[in-house]
Amino acid sequence: MLALATFWNGIVSVFLFEVVKAFRKGNPEWFLTTFLIPFVLVGLGFIFGSFYNLLALRNPKIRFVLNRANPHLGDKVVLRWKTSGSLNRLTSLQIRLQGRESATYTRGTDSVTDYCSFYNETIFETDTPSAHSGGQLSITIPGHLMHSFKGDDNKIEWQIVVKGPIR
């Protein structure tokens, strides 16, 4: 992102320099000034994105390991997690088991994907995430629901979802 911001803003700065030079001479180029506005805004977005990504590098990271690679419906699995990074930045930590269906279809000339969560269970939640640098828990995959499936346009996925707001 930083390389892209440098490249983009380097090119835009050549034209921006010409605009500033014209304004200083008292002969502003209004068309070029107006034309450059979206390019300058995109460049500012790249700079903001670079700082955002640099700050995101300090975020805590959570690694999950299941004791079975491909659990089936009704199976009991053990989920282990280990966190690294500064957990004190988190205000809370929530781990959920989620079943989600996605369907892709064509609307006119556009391809659209809709998502629908058909199962959502909180399996772990805490308001003091700094006290939980890791752990394990046992999960039973619901046996009465749909198994994972991938078709041409439809998909059923079971996911472990983590939510941890950062100050």
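The values are calculated or read from the model by the stated rules, or taken from the named source; none is laboratory data. What you see is a predicted model; the values in this text were computed from it and never measured. Cβ sites come from the backbone with ideal geometry, for glycine too, and all protein chains shown count toward neighbours. Ligands, DNA and RNA are stripped out before the accessible areas are found, and what is left, the full protein with its side chains, is counted by its heavy atoms. Shrake-Rupley method; radii C 1.70, N 1.55, O 1.52, S 1.80 Å.
Since residue 45 meets every condition but one in (1) modelled with pLDDT of 95 or more; (2) assigned to a loop (DSSP other than H, G, I, E, B), which condition does it not meet?
For residue 45, the exception is condition (2).
Taking the stretch 1-33, which residues are of a type outside the set (A, V, I, L, M, F, W, C), in contact (Cβ under 8 Å) with a residue 12 or more places away in the chain and open to solvent by 70 Å² or more (accessible area, probe 1.4 Å)?
Within the stretch 1-33, just 18 meets the criteria.
Take the stretch 158-167 and flag every residue that is in contact with a strand residue (DSSP E or B) (Cβ under 7 Å, 6 or more places away or on another chain) and either more than 20 Å from residue 124 (Cα to Cα) or polar (S, T, N, Q) (or both).
Scanning the stretch 158-167 gives a single hit, 159.
So, residue 56, is that one at pLDDT below 90, small (Gly, Ala, Ser) and under 30 Å from residue 142 (Cα atoms) or not?
No.
If I filter the stretch 52-63 for residues that are surrounded by 15 or more Cβ atoms within 10 Å (Cβ to Cβ), in contact with a helix residue (DSSP H, G or I) (Cβ under 6 Å, 6 or more places away or on another chain), in a loop (DSSP other than H, G, I, E, B) and at negative phi, do I get at least one hit?
We begin by selecting, within the stretch 52-63, every residue surrounded by 15 or more Cβ atoms within 10 Å (Cβ to Cβ); these are 60, 62.
Still in the list and also in contact with a helix residue (DSSP H, G or I) (Cβ under 6 Å, 6 or more places away or on another chain): 60.
Next, only the ones that are in a loop (DSSP other than H, G, I, E, B) stay: 60.
Within this subset, residues satisfying the condition of being at negative phi are 60.
Yes - at least one qualifying residue is present in the stretch 52-63.
With the requirement that a residue be over 30 Å from residue 86 (Cβ atoms), out of contact with any Leu (no Cβ under 7 Å at 6 or more places or on another chain) and either open to solvent by 50 Å² or more (accessible area, probe 1.4 Å) or in a strand (DSSP E or B) (or both), what does the stretch 119-157 give you?
140, 144, 146, 148, 149, 150, 152, 153, 154, 155, 156, 157, listed by residue number.
Would you mention how many residues in the stretch 64-116 are farther than 19 Å from residue 162 by Cα, touching a Cys at 6+ places or on another chain (Cβ under 9 Å) and not small (Gly, Ala, Ser)?
0
Are any residues in the stretch 83-114 more than 14 Å from residue 158 (Cβ to Cβ), in a strand (DSSP E or B) and open to solvent by 60 Å² or more (accessible area, probe 1.4 Å), and if so, which ones? Can you show your working first?
In the first step, residues of the stretch 83-114 are kept if they are more than 14 Å from residue 158 (Cβ to Cβ); the result is 83-94, 103-114.
From what is left, the residues that are in a strand (DSSP E or B) are 83-84, 90, 93-94, 103-107, 110-114.
Once the filter is applied, which keeps residues that are more than 14 Å from residue 158 (Cβ to Cβ), in a strand (DSSP E or B) and open to solvent by 60 Å² or more (accessible area, probe 1.4 Å), the stretch 83-114 yields 84, 105, 106, 107, 110, 111, 114.
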